[in-house]
Each structure stands twice: as C-alpha cells, then as structure tokens.
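Following: one structure in structure tokens, then a few remarks.
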Amino acid sequence: MERVTLRRLDDMHCHFRTGPLLTEVLPFTAQYAGRGIAMPNTRPRAILTGKDVAWYHDGIMRVLDGLLNRPTFEPLMTIEIRDNTTPEMIVEAQNAGAMAGKVYPLGVTTNSNEGLHNFSGRRVSRTFQAMQDVGIPLLIHGELDQERTLVTQREEVFLPTLLRLACKFPNLKIVLEHVSTKVAVETIKQCGENIAATITAHHLCLTLNDVIGDGIKPHHACMPIPKGFADRDALIEAATSGNPKFFLGSDTAPHPKERKECARGACGVYTAPVLPQLLAEIFEKAGHLDRLENFTSRFGAMFYGLPLNEGSITLTKKEWMVPNQIKSVVPFRAGTKLQWQLA
Ligand SMILES: [Zn+2]
C-alpha cells in the first residue's frame, strides 16, 4: 500500500503550552487533527477554573486564527483537579467549555508539584462525584510517587487506586493516560466500558534501553518512563488490536532544547511534528495499517461521545528526514528517516 487516507485525527492528549511555544507547536497538531485535548498543566497559569478555561481557549484560538489557511481544528478544554477543586468549580468549568478534568498525582511529572495528595480524600471524592453527576470524564496520569518505589514501578503501584475509583464511581468515565505497562493494559481490558486508556506513539517505539541504555538520551525521557520489551509489545498489541478501549493520546510534550539537555532535564517527548507519519510506520510494521484510523480517529470520539471528525488527511509512502530541531524544540526521531509523509 503506497497511500493511506485517514479521517482527521483526534489527539486525546496534547500539551500545547502557552506564549511563544504555543505559537510554535500548535500548527503541527492542527494540520492533521480535527480535535485535540489541551492538557491543563500550563505555567505560569494552570487551568483550574472556568475563567482559566476561557482564557486558555482564547489563547489557542488566537494562534489558530493567525494561521495561513486556518485549519479546521477544535481544542478540547480541560481543568486540573487538585485537592481544593470543588463540585461548584466542576460545574463552572463545564459551563466555560471544559469537557474533562485531569488529575496529576503529586510529583510524578512536569508541573505536578501541586498535584493531588490523596485520591480517597472526602473533598476530592465529592468532586469526583460531581464529575460523575454532570458527565465530565476524569483523566488520570496514573503513577504514584511513593517511598521505595522505583520510577519504573510507579504505574503498576497506581493501578489499585484506579480500580478503587472505578468501583466507587461506576458511571464516571475514566481515562488512564499514556499507559506504559503490560499490567496496565491488562487492567484496562478487565474494567467496564467506561474505563479506557490512551497510548502514545513514543511508548510504541521506546524501551528503557532507548532512554538510558546507550548513552543518556534526554529527548526520549518522559513520564511514564518507557519500560521493557514485553510492555512495549503489549502496547503495540493493544493499539493495533481494534479494541475500542485503547485510542490515541500522543502526550506531545515540547520543551525548549536547553530544558531537555541539562543536568536536570525536563520530561516529555515532542511527537506532534511526526505523529501520523510515525503511527503509519508502526501500524504497517505490525501488519495492521487497516486499523490505524480506528485508533487515531474513531475510538476516542466514541468514548467521549463526540461526532467523528469531518475531512481527511493522506499519507504517502516516501522516505523523509526528520529535522534535527524545529524552532526551539528537538522533535522525536530527529535526524532519522521516516517512511511515510503527509501529502
Ligand atoms: Zn501529558
């Protein structure tokens, strides 16, 4: 097959950032996606309230409106759920256009220093209850940073918390974001229809060896940290299996080059400039190119109850070289060849 046409993508997990970086990175996703979930862990202003949602939405729209050939792209807005988020704030955020709430457990990733302490606290339980009542999904960075737990184990030790939440709020839609382990994939498969997971393109490519096994590769460092071969195999199997519980959330997470290449480098992989091209390569290698569109453009919309995107993109099989750097950021697969191009 030399050409593939896909319905415009839904990227259900994006970090668009703010300020100049937003202007730099947003056009890539908007080029091929009809929608993208804008994650709320922005700085200096995090997205915590309805007012923040409106402010961030305006900022994104301003960048889109400034683009030549304004693409048909809709940002899907979220708020960050913290210990002090109230049921009233959920309703207010929903009225302002938020379609989901995101939880970062304390200390597990970029800008999670004010993350949630306690998933079973009385106050946050009322908030989760409100989310269930008004039909706002809960998106979870599913890792726990606890004493004597290696970074490679953080996702696995979170899974009992996920199961407790699923049990306590049986009608709450929950997405375990960027799953990275075989055990998480198995857990999601066993949960009800209201529990799903996103999978990134880079977790379908990388193992821990690609991060620290042959020199330290800061541009492969991300949270959750890429794991072992059996874990990666399980992710590829889940993404290409046609199971609607698994859909695309790229977690494209740009940081300026100097923030990655330093003594305490930031975590995050910038896949937006190569995403559909890379996914075509992965699905083709797995022998399931025919299932790519379900993963990128159908299952996410089905889970969130959204209409399918209009319009399509075409990929052609033609080798190209990913640039070493795109403006201030080093993209995933920089300086290497990809087999598919966006037409
Ligand atoms: Zn993320």
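The values are calculated or read from the model by the stated rules, or taken from the named source; none is laboratory data. Being a predicted model, the structure only gives us computed values, none of them experimental. Using ideal geometry, Cβ is built from the backbone for each residue, glycine included, and neighbour counts are taken over all protein chains shown.
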Please go through the range 198-212 and pick out each residue that is touching a Ser or Thr at 6+ places or on another chain (Cβ under 8 Å) and either surrounded by fewer than 18 Cβ atoms within 10 Å (Cβ to Cβ) or assigned to a strand (DSSP E or B) (or both).
Leu208
Members of the range 243-276 that are over 23 Å from Arg17 (Cα atoms) and of a type outside the set (A, V, I, L, M, F, W, C):
Asn243, Pro244, Lys245
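Within the range 152-186, work out how many residues are touching a residue at least 40 places away in the same chain (Cβ under 8 Å) and more than 16 Å from the ligand (Cβ to nearest atom).
We begin by selecting, within the range 152-186, every residue touching a residue at least 40 places away in the same chain (Cβ under 8 Å); these are 152, 154-155, 158, 161, 164-165, 168-169, 172-173, 175, 177-182, 184-186.
This time we only want the ones that are more than 16 Å from the ligand (Cβ to nearest atom), so: 152, 161, 164-165, 168-169, 172-173, 181-182, 185-186.
Going through the range 152-186 one residue at a time, the tally reaches 12.
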Among (1) assigned to a loop (DSSP other than H, G, I, E, B); (2) at negative phi; (3) without any contact (Cβ under 8 Å) to a residue 40 or more places away in the chain; (4) not β-branched (Val, Ile, Thr), where does Gly142 come up short?
(3)
Surrounded by fewer than 19 Cβ atoms within 10 Å (Cβ to Cβ), in contact (Cβ under 8 Å) with a residue 40 or more places away in the chain and closer than 20 Å to Pro254 by Cβ - does that describe any residue in the range 71-91?
yes
Thr109 versus (1) away from the ligand (no atom under 14 Å from the Cβ); (2) at pLDDT below 95; (3) touching an Asp or Glu at 6+ places or on another chain (Cβ under 8 Å): which is the lone unmet condition?
(1)
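With within 16 Å of the ligand (Cβ to nearest atom) and in contact with a strand residue (DSSP E or B) (Cβ under 7 Å, 6 or more places away or on another chain) as the only criterion, which of Phe295, Phe247, Phe299, Phe303 stands out? Let's see the steps before the verdict.
On the way: Phe295 fails: within 16 Å of the ligand (Cβ to nearest atom); Phe299 fails: within 16 Å of the ligand (Cβ to nearest atom); Phe303 fails: within 16 Å of the ligand (Cβ to nearest atom).
When all the criteria are applied, what remains is Phe247.
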Sort out which residues of the range 94-106 are more than 15 Å from the ligand (Cβ to nearest atom) and either modelled with pLDDT under 90 or crowded, with 17+ Cβ neighbours inside 10 Å (or both), and write them in order of number.
Gln94, Ala96, Ala98, Met99, Leu106
For the range 187-203, what are the residues that are within 16 Å of the ligand (Cβ to nearest atom) and in contact with a Leu (Cβ under 6 Å, 6 or more places away or on another chain)?
Ala197, Ile199, Ala201, His203
Contacts under 6 angstrom Cβ, first residue in the range 4-27 being farther than 13 Å from Thr42 by Cβ, partner within 15 Å of the ligand (Cβ to nearest atom) and of a type in the set (S, T, N, Q), 6 or more apart
Asp11/Thr29; Asp11/Ser250; Met12/Thr198; His13/Thr198
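Please find, within the range 112-139, the residue that is nearest to the chain's Cα centre (by Cα) out of those that are part of a loop (DSSP other than H, G, I, E, B) and more than 16 Å from the ligand (Cβ to nearest atom). So that I can check it myself, show each step before the final result.
To start, the set of residues in the range 112-139 that are part of a loop (DSSP other than H, G, I, E, B) comprises 112-115, 117-121, 135-137.
Next cut, more than 16 Å from the ligand (Cβ to nearest atom) only: 117-121, 135-136.
Details: His117: 22, Asn118: 23, Phe119: 21, Ser120: 24, Gly121: 26, Gly135: 20, Ile136: 17 Å.
Only one residue fits best here, namely Ile136.
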